[in-house]
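Okay, structure first, notes after.
Any read-out appearing in this document is the output of simple, stated calculations on the displayed coordinates, not a laboratory observation. Being a predicted model, the structure only gives us computed values, none of them experimental. Note: ideal-geometry Cβ built from the backbone for every residue, glycine included; neighbour counts use all protein chains shown.
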Amino acid sequence: MSKANEVQVGGTHYKNKAIQPWDYIASNEMGYLEGNVVKYVTRWKDKGGLSDLDKAKHYLEKLIEVETDKAMCRESDCLIGFMDEMAKGKSKKKQKGE
């Protein structure tokens, strides 16, 4: 067991688990949104109850939104749209004298 796993700040809701959520998240190279889904689903019975499930759902909804946007970008030419938006932003700054 790692030294960080020996201590838990703010409760014991992870110490009782066979696999600590952060170990699972790191081992599977998950990102922030995925990691938070795992964290909240893992602890909901021992800490936050239904509120933690709502938090997990919120992170999952955001993950779906981000991945949907990525998929749509692959199907269209998102880079051109992004560059157009960047150019508009620069033009507005020049008009304001920034």
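Using θ = phi - 60° in the Karplus curve 6.51 cos²θ - 1.76 cosθ + 1.60, the 3J(HN,Hα) couplings for the range 21-27 round to x, 5, 5, 5, 4, 5, 5 Hz; x is entered for Gly and Pro. The modelled label-to-label distance between K3 and K88, using points 7 Å beyond Cα along the C-beta direction, is 5.2 nm. Please tell me which of these pairs span more than 19 angstrom C-alpha to C-alpha: K17/K39; K15/K47; K17/K45; K15/K39; K15/K62? Checking Cα-Cα distances, K15/K62 exceed 19 Å.
Net charge near Y24: determine it from the other residues with C-beta under 15 Å of the C-beta of Y24, scoring Lys and Arg +1 and Asp and Glu -1. Local net charge: +1.
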